[in-house]
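A short write-up of the structure that comes next.
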Amino acid sequence: MARQKKDGTVSAGRIIDIDGKSGKELSAVSKNMRKFREQLGMEQKELSKALGMSDNTVGNWERGYSKPPIDMLLPICGILGMTLYDLFGVKDPSMRYSAGEQALLADYRELSIYHRDAVRELINNLRKAELMEEIPEITELIYFGRQLAAGVGDPSELYDEGEPMYFYSSELVDKADFVFTVNGESMEPEYHSGEMVLVQKFPDCGDLRAGEIGAFMVGSEAYIKEYQPDGLHSLNKKYSTMKFTQDDKVFLIGRVIGTAESEDIASAHDVERYAATCGGRD
């Protein structure tokens, strides 16, 4: 409190200086220490213990009776989650916020530590949602790029023989379960060697009707053929019809529903991002 001299003038009863700076700056330090501590829901004795100082010492800092030493400023900021600019109540020249952003930041700083956590979680969820909007939908299919291993007994074992392959989702791709590579010229001119065909598995695809194209397993090898009551036909008339007896093991893998182009295959980058945000598809 100011006191009056005998000559009528007024002098400062107590002026606290911090490293040659004005008492106003120390008042900001005291006020901001207490403000940030209370926003965290932290008791003064908790701060004292974290700093390794006595309760009276920290209490005197907050009341402006003494100043924190220079070597304690950074520990104080670290524990209270503030910057030196926050501590001294001055603007950080490196920060460029709009008026709206500054208002949001001010509101955030008024929140308790628990509500700050809730805000950060909400922001993380919103950022993830926006990221997912940027990532195209991915569909995982089972790809067979080679002949099936000998000893496979029926199509239910196919999953163990293929490997996952990822495509950009589309109405056609989403109906498929398997991808096969055409081998040879027997299905030309409709299907060319090296082309990928999309297959909807049996029994989901239903029974094939005469003239429909299917993927078949004969023994341990897979074939793309046209179904007819008298056997499996090639579209290329140079190839003869595959006929079978009741003793032959012939299984319908599924219906061929279309072809896949190279641009339909999802990039490794998109697959990685999709898996990270969505966990992949079932």
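The values are calculated or read from the model by the stated rules, or taken from the named source; none is laboratory data. Bear in mind that the values here come from a model prediction, so they are computed numbers and not experimental data. Virtual Cβ from ideal backbone geometry, glycine too; neighbours counted across all protein chains shown.
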Please identify the pairs in which a residue from region 163-191 that is closer than 19 Å to Ala222 by Cβ has its Cβ atom under 6 Å from the Cβ atom of a residue that is small (Gly, Ala, Ser), counting only partners at least 6 apart or on another chain.
Phe180/Ala215; Thr181/Gly145; Val182/Ser193; Gly184/Ser193; Glu185/Ser193; Ser186/Ser234
Restricting the search to region 93-134, which residues are under 30 Å from Tyr168 (Cβ atoms) and either at pLDDT 75 or above or loosely packed, with under 11 Cβ neighbours inside 10 Å (or both)?
Ile123, Asn124, Asn125, Leu126, Arg127, Ala129, Glu130, Glu133, Glu134
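Taking only region 173-197 into account, find how many residues are in contact with a Lys or Arg (Cβ under 7 Å, 6 or more places away or on another chain) and under 11 Å from Leu235 (Cβ atoms). Working first, answer last.
Residues of region 173-197 in contact with a Lys or Arg (Cβ under 7 Å, 6 or more places away or on another chain): 177-178.
Now narrow it down to the ones that are under 11 Å from Leu235 (Cβ atoms): none.
Here the count works out to 0.
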Here is a list: Arg281, Arg255. Which entry is outside any helix (DSSP H, G or I), surrounded by 12 or more Cβ atoms within 10 Å (Cβ to Cβ), modelled with pLDDT under 90 and in contact with a strand residue (DSSP E or B) (Cβ under 8 Å, 6 or more places away or on another chain)?
Arg281
Considering only region 81-107, how many residues are within 30 Å of Pro69 (Cβ to Cβ) and assigned to a helix (DSSP H, G or I)?
7
Which condition does Asp71 not pass, out of (1) surrounded by 12 or more Cβ atoms within 10 Å (Cβ to Cβ); (2) modelled with pLDDT of 80 or more; (3) not polar (S, T, N, Q), if it passes all the others?
(1)
Those residues of region 220-237 that are in contact (Cβ under 8 Å) with a residue 40 or more places away in the chain and surrounded by fewer than 14 Cβ atoms within 10 Å (Cβ to Cβ) come to a total of 1
Find all pairs meeting these conditions: Cβ atoms under 7 angstrom apart; at least six residues apart or on different chains; first residue within region 252-278 and under 27 Å from Asp204 (Cα atoms); second residue assigned to a helix (DSSP H, G or I) and of a type in the set (Val, Ile, Thr).
Asp264/Val173
